[in-house]
1. Can you list the strands (runs of 3 or more DSSP E) lying wholly within the stretch 67-152 that have 2 or more residues being over 15 Å from G5 (Cβ atoms) and out of contact with any helix residue (DSSP H, G or I) (no Cβ under 6 Å at 6 or more places or on another chain)?
2. Can you tell me which condition Q148 does not meet? The list is (1) open to solvent by less than 60 Å² (accessible area, probe 1.4 Å); (2) modelled with pLDDT of 80 or more, and all the others hold.
3. For residues that are surrounded by fewer than 17 Cβ atoms within 10 Å (Cβ to Cβ), over 11 Å from the mean Cα position of the chain (by Cα) and at pLDDT 90 or above, tally how many sit in the stretch 104-136.
4. Looking for something modelled with pLDDT of 80 or more and closer than 27 Å to D139 by Cβ - is there at least one such residue anywhere in the stretch 50-66?
5. Looking only at residues in the stretch 70-86 that are open to solvent by 50 Å² or more (accessible area, probe 1.4 Å) and not charged (D, E, K, R), which one is modelled with the lowest pLDDT?
6. Please go through the stretch 87-114 and pick out each residue that is touching a residue at least 12 places away in the same chain (Cβ under 8 Å), of a type in the set (D, E, K, R) and more than 20 Å from F70 (Cα to Cα).
7. Name the residues in the stretch 22-40 that are part of a loop (DSSP other than H, G, I, E, B) and surrounded by fewer than 19 Cβ atoms within 10 Å (Cβ to Cβ), would you?
8. Collect the residues in the stretch 1-34 that are among the small types (G, A, S) and on the phi > 0 side of the Ramachandran plot, keeping them in residue-number order.
Amino acid sequence: MAILGVRIEFYDKVGTMDEPSEGYLGAIYRDHGFRAAAVPGVGELFSLTSLRVGPREGHVGVEFTGFGPFLPVRFVEHYPTPIDDDGETPAWWDSSGEPSANVVVHTRLHGDEVLLRKSLQRFAQADSGWVGSFSYGTDLYSLWNELQGPVA
């Protein structure tokens, strides 16, 4: 078993695996949020249905790019846990005691405002574990903060 984090990056135009995506709009991510049979490699397909937040009947997905409910893995970021000579995690280490990897996928956002709101709403819930990263002052930044509700 592997522990995975996932980052979904949103772009105006998603490039093929051989070309970069263009027009970065922001991202949502959840570190250490998933268990997997293995860490997928770059180019392998990652199931977005595993990322559902909330009940199945309320699911509205992000826009797929031709692979059904999957997106190809664009990058894999590895987060090893340091150990000392005795195989123990050193006291100075302030992250997870378990090694993990982040899988990064690229997609577009819905052009329809209602679908965009529904799509982001399930990730923005305070107990979802997802974090949004959008440029300050943009419509997406405002929408994300509105969907998260008042800060306690």
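The values are calculated or read from the model by the stated rules, or taken from the named source; none is laboratory data. Note that the structure is predicted; figures quoted are calculated from it, not measured. We place every Cβ from the backbone using ideal geometry, glycine too, and count neighbours over all the protein chains shown. For accessibility, only protein heavy atoms count, side chains too; no ligands or nucleic acids. Shrake-Rupley method; radii C 1.70, N 1.55, O 1.52, S 1.80 Å.
1. On the way: elements: 70-79, 100-107, 131-133.
Ranges flagged: 70-79, 100-107.
2. In the conditions (1) open to solvent by less than 60 Å² (accessible area, probe 1.4 Å); (2) modelled with pLDDT of 80 or more, Q148 misses (1) alone.
3. Going through the stretch 104-136 one residue at a time, the tally reaches 2.
4. no
5. So the residue we want is F70.
6. Taking the stretch 87-114 as the starting set, the residues that turn out to be touching a residue at least 12 places away in the same chain (Cβ under 8 Å) are 93, 95-110.
Next, from what is left, pick out any that are of a type in the set (D, E, K, R): 98, 108.
Once the filter is applied, which keeps residues that are touching a residue at least 12 places away in the same chain (Cβ under 8 Å), of a type in the set (D, E, K, R) and more than 20 Å from F70 (Cα to Cα), the stretch 87-114 yields only E98.
7. Our first condition is that a residue be part of a loop (DSSP other than H, G, I, E, B); within the stretch 22-40, this holds for 37-40.
Residues satisfying the conditions are A37, A38, V39.
8. Here is the first cut: in the stretch 1-34, the ones among the small types (G, A, S) are 2, 5, 15, 21, 23, 26-27, 33.
Answer for the stretch 1-34, where residues must be among the small types (G, A, S) and on the phi > 0 side of the Ramachandran plot: G23, G26.
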